[in-house]
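Trainee: Before I ask anything, let me first share the structure, which is written out below as C-alpha cells.
The values are calculated or read from the model by the stated rules, or taken from the named source; none is laboratory data. All values derive from a computational prediction rather than experimental measurement. Neighbour counts run over all protein chains shown; Cβ positions are idealised from the backbone, glycine included. Remember, those area values only see protein heavy atoms, side chains included, never the ligands or the DNA or RNA. Shrake-Rupley method; radii C 1.70, N 1.55, O 1.52, S 1.80 Å.
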Amino acid sequence: MSPTLLTALATLAAYLIGSLSFAVLVSRSMGLADPRSYGSGNPGATNVLRSGSKKAAIATLLLDAAKGWLPVFLVRVFGPAHGLDDTAVALAGLAAFLGHLYPVFFRFQGGKGVATALGVLLGIAPLLGLATLVTWLIVAMFFRYSSLAALVCAVFAPFYMALGGGIAWPGSTAVTGAVMVMALLLVWRHRLNIKRLMAGEESRLGRKKG
C-alpha cells in the first residue's frame with residue numbers, strides 16, 4: 001500500500017476517532033443528562049462538570065484527550081516504517097481535532113476541542129503537551145476561567161512549537177502549520193466566550209450553571 005493511501009486512511013481513521021463525543025457517551029453511561037441540554041450546551045468536560053459529577057467530567061477530559069493523542073502517537077511511532085512522514089502526523093492530529101469539533105456521529109455538533117487539542121500536542125511531543133497543560137493550569141488556577149485558559153493556550157501553543165522545534169522536540173513545518181490551524185479554530189470556537197469575558201458574564205470554574 002502506498003504512503004499516500006496510508007496517509008489518507010490514517011487521516012480518515014483519526015477523524016472517526018475524534019468524532020466520538022465522550023461528553024455525551026460518558027453522561028449516558030452514568031445516567032446523567034445530555035451535556036448539550038444544560039449550561040453552555042457544549043459537549044465537553046467543563047460543561048459536564050456543571051452536572052455535579054466530577055467523575056464524569058474527569059472521564060470526559062481524559063477520553064477526549066486520549067482520542068487526540070492516540071492517532072498522532074500511532075502515526076508518529078509506527079508510520080515511518082510504512083513511509084509516513086510529518087505530513088501524516090499533522091493530518092492525523094488535525095483530523096482528530098476536527099472530528100471533535102464536527103463529529104459525523106453527532107450531526108457535526110461537537111465541542112470546542114480543548115482537551116482533544118491537548119491530546120494531539122501530547123502525541124506530537126510529550127514536552128510540548130506538558131508545557132501547554134501547565135500554561136492552562138496556571139491561568140485557570142489564577143483566574144478561574146476555563147475559556148480564558150484555553151485562549152491563552154491557543155496563543156502560546158504555536159509559539160511553543162516554533163520555539164522548541166529542533167531543540168526540545170523535532171521541528172516540522174507541517175506539524176507547526178497544523179498546530180496553528182488548531183489554535184485559530186480554538187479561538188473561533190470560543191468567540192462567544194470572548195464576548196462574555198469582555199462583558200464580565202463568563203461562568204467561572206467550579207460554578208454550576210443551568
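Trainee: Please identify the pairs in which a residue from segment 1-17 that is under 15 Å from PHE78 (Cα atoms) has its Cβ atom under 9 Å from the Cβ atom of a residue that is of a type in the set (S, T, N, Q) and at pLDDT 95 or above, counting only partners at least 6 apart or on another chain.
Mentor: What qualifies is THR7/THR87.
Trainee: Also, quick follow-up: Return the total of residues in segment 158-189 being assigned to a loop (DSSP other than H, G, I, E, B) and either on the phi > 0 side of the Ramachandran plot or not small (Gly, Ala, Ser) (or both).
Mentor: Count: 3.
Trainee: Any residue that is in contact with a Ser or Thr (Cβ under 7 Å, 6 or more places away or on another chain) and in contact (Cβ under 8 Å) with a residue 60 or more places away in the chain - is there at least one of those in segment 132-146?
Mentor: For segment 132-146, residues in contact with a Ser or Thr (Cβ under 7 Å, 6 or more places away or on another chain) and in contact (Cβ under 8 Å) with a residue 60 or more places away in the chain: present.
Trainee: Additional query: Which residue, of VAL120, VAL155, is under 26 Å from ASP34 (Cα atoms), part of a helix (DSSP H, G or I) and of a type in the set (A, V, I, L, M, F, W, C)?
Mentor: Step by step, each of VAL120, VAL155 is checked, and only VAL120 is under 26 Å from ASP34 (Cα atoms), part of a helix (DSSP H, G or I) and of a type in the set (A, V, I, L, M, F, W, C).
Trainee: Taking ALA149, is it outside any strand (DSSP E or B), open to solvent by less than 40 Å² (accessible area, probe 1.4 Å) and aliphatic (A, V, I, L, M)?
Mentor: It is true that ALA149 is outside any strand (DSSP E or B), open to solvent by less than 40 Å² (accessible area, probe 1.4 Å) and aliphatic (A, V, I, L, M).
Trainee: When you look at ALA59, is it among the aliphatic types (A, V, I, L, M) and open to solvent by 50 Å² or more (accessible area, probe 1.4 Å), yes or no?
Mentor: No: the conditions fail for ALA59.
Trainee: Taking the options ALA174, ALA115, ALA131, name whichever one is in contact with a Leu (Cβ under 6 Å, 6 or more places away or on another chain), open to solvent by less than 60 Å² (accessible area, probe 1.4 Å) and among the small types (Gly, Ala, Ser).
Mentor: The conditions single out ALA115.
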